[in-house]
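Asker: One structure, pasted below without further comment.
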Amino acid sequence: MDDYIINVDTVDKYNKLFGLETLHPLVSVVDLSKATTSPTHFTMNYGVYALFLKDTRCGDIRYGRQTYDYQEGTVVSFAPGQVAEVDMAEGARPAGRGLLFHPDVIKGTSLRAEIKSYSFFSYKSSEALHLSEEEKGIVVDCLAKIKLELGHSADGLSKRLIARNIQLLLDYCMRFYERQFATRSTANKDVLSRFEGLLDTYFQSDLPQAKGLPTVRYFADKVFLSPNYFGDLIKKETGKTAQEYIQNHLIDAAKEMIAGTDKTISQIAYDLGFQYSQHFNRMFKKNVGRTPVEYRRMMG
């Protein structure tokens, strides 16, 4: 059963992989210490949402080129469409608890409208959530409440209560990530410093003409973070979104070129990566309050 790809488009497929019982067709709270089967190497293509709390270190999870910072007492999560490779350590058995839920279970609920706000589902390498003992207890309690509801006879409130308990768990994870961003401020400031250096390098090179305006993903890749995690980190550190930060740097570079060179506005727009100078003019005026021509006249 090793070294193969599994398309997990139902919670039952995941449960069968580990020999676990399925109580609900769309939601499952799993305890991997009770697994009766244990593959050692496989790649999982998720078609469901999944969130796992690791009890002990028993192997590695890779998402893309990087390995998750996935030790005891950490949480990792996946959204539909994500692919993760799992390597179990030799002689180890899976240990941990988790939640899997199909997108259909939140249709028609408040969680469906807010699911995209839980950006940690798109976090990637070295971005696991590290919990304190108190936080771990809260996650375990939330999982227990969901499992209790799954064992309850279905009635008119079942779907709502399941969705609300799932949302409660996700809200706690958001809170814990907020705490983690704060406690990792030194490392975060290093990422911010690298981001600023990369911005300087980008606009001082020929990259804008070759690649156009830089994206958040471009800089996230350069610092080996997912776009969502990178964006959340920059927002926590600066109060601005990563896109706003890029745009501010772009405007500063434009001001330098307008005031310090004799290049035409069209040439400056091209040098900065704009396909059309009209787009540059609109962005500049929106941010500065004057058109590039008016700004040059004022600075002259």
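Asker: Could you work out the longest stretch of the chain that avoids the GluC sites (Glu not before Pro) located in DSSP loops with at most 16 other Cβ atoms within 10 Å?
Answerer: My reading of the result: 91-300 is the longest stretch.
Asker: Report, in deg cm²/dmol and to the nearest 500, the calculated mean residue ellipticity at 222 nm for the chain, where each DSSP H run with n ≥ 4 adds -39500 (n - 2.57) and the sum is divided by the residue count.
Answerer: The helix contribution divided over the chain gives -15000 deg cm²/dmol.
Asker: So what does residue 293 come to for accessible area, using a 1.4 Å probe and Å² rounded to 10?
Answerer: Only protein atoms counted, so the area is about 80 Å².
Asker: In the chain, carbon and sulfur make up what percent of the accessible area (probe 1.4 Å)?
Answerer: Of the solvent-accessible surface of the chain, carbon and sulfur hold 50 percent.
Asker: Would you mind checking 34/145; 54/116; 263/285; 240/263; 54/147; 16/107 for any pair whose Cα atoms are more than 21 angstrom apart?
Answerer: Beyond 21 Å between Cα atoms: 54/116; 240/263; 16/107.
Asker: Work out the FRET efficiency for residue 194 and residue 266 from their Cβ-Cβ distance, taking R0 = 35 Å, and round it to the nearest 0.05.
Answerer: 0.60
Asker: Note down the nm distance, to one decimal, between modelled labels 7 Å out along Cα→Cβ at residue 157 and at residue 299.
Answerer: 6.4
Asker: What accessible area per residue comes out for the chain, rounded to a whole number of Å², with a 1.4 Å probe?
Answerer: 51
Asker: What order, most packed first, do the peptides 46-53, 265-272, 184-191 have when packing is the mean number of other Cβ atoms within 10 Å of each residue?
Answerer: The densest-packed peptide leads the list: 46-53, 265-272, 184-191.
Asker: Next up: Placing unit charges on C-beta atoms (Lys and Arg positive, Asp and Glu negative, everything else neutral), compute the dipole magnitude of region 154-237 about its Cα centre in debye, rounded to 20.
Answerer: 340
The values are calculated or read from the model by the stated rules, or taken from the named source; none is laboratory data. None of the values given here were measured: they were computed from a predicted structure. FYI the Cβ positions are ideal-geometry reconstructions off the backbone, even for glycines, and counts take in every protein chain you see. Ligands, DNA and RNA are stripped out before the accessible areas are found, and what is left, the full protein with its side chains, is counted by its heavy atoms. Shrake-Rupley method; radii C 1.70, N 1.55, O 1.52, S 1.80 Å.
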